[in-house]
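One structure below.
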Amino acid sequence: MGWTNDSITYSKTISTIMLKNCIRCHSNSIKKGWVDLEGYDRVKKYADNHKLLGTIAHLQGFKAMPRGAAMVSQEDICRIKFWIDNGGQNN
């Protein structure tokens, strides 16, 4: 895919994916399932414990998210995986 750490960043890429797919249910004010994905530190927590990728990729043993909506695009899942695999930096 030719991505680099400069092309897939938290601020330009990951936060946009979260806003588009997750924040409507998992924000500071809503926290469905007690999950808050608003802001780097909160997203990083779920990236580090593997729940972020497991849920959006619908992996066995994880609750498939977003619930009641279309699955996150495969390309966005790959972007998140790339970001996680490359240290999940706050950039």
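The values are calculated or read from the model by the stated rules, or taken from the named source; none is laboratory data. Given the structure is predicted, the values throughout are model-derived calculations rather than measurements. Here the Cβ is made from the backbone with ideal geometry for all residues, glycine too, and neighbour counts use every protein chain on show. For accessibility, only protein heavy atoms count, side chains too; no ligands or nucleic acids. Shrake-Rupley method; radii C 1.70, N 1.55, O 1.52, S 1.80 Å.
Some points to look at:
- Scanning the stretch 47-84 for residues that are under 13 Å from the mean Cα position of the chain (by Cα), without any contact (Cβ under 8 Å) to a residue 60 or more places away in the chain and farther than 14 Å from C22 by Cβ yields D48, N49, H50, H58, Q74, E75, K81, I84.
- Residue within the stretch 61-78 that is charged (D, E, K, R), within 17 Å of C25 (Cα to Cα) and surrounded by 15 or more Cβ atoms within 10 Å (Cβ to Cβ) present: no
- Listed by first and then second residue, the pairs linking a residue in the stretch 1-27 that is free of Cβ contacts under 8 Å to residues at least 12 places away in the same chain to a residue that is of a type outside the set (V, I, T) and part of a loop (DSSP other than H, G, I, E, B), with Cβ atoms under 7 Å apart and 6 or more places separating them unless they lie on different chains, are S27/D36; S27/E38.
- Which listed residue is of a type in the set (A, V, I, L, M) and open to solvent by 70 Å² or more (accessible area, probe 1.4 Å), from L19, L52, L37: L19
- Positions within the stretch 44-69 being under 26 Å from G2 (Cβ atoms) and either of a type in the set (A, V, I, L, M, F, W, C) or in contact with a strand residue (DSSP E or B) (Cβ under 6 Å, 6 or more places away or on another chain) (or both), in sequence order: A47, L52, L53, I56, A57, L59
- The stretch 1-12, residues that are in a helix (DSSP H, G or I) and surrounded by fewer than 14 Cβ atoms within 10 Å (Cβ to Cβ): S11, K12
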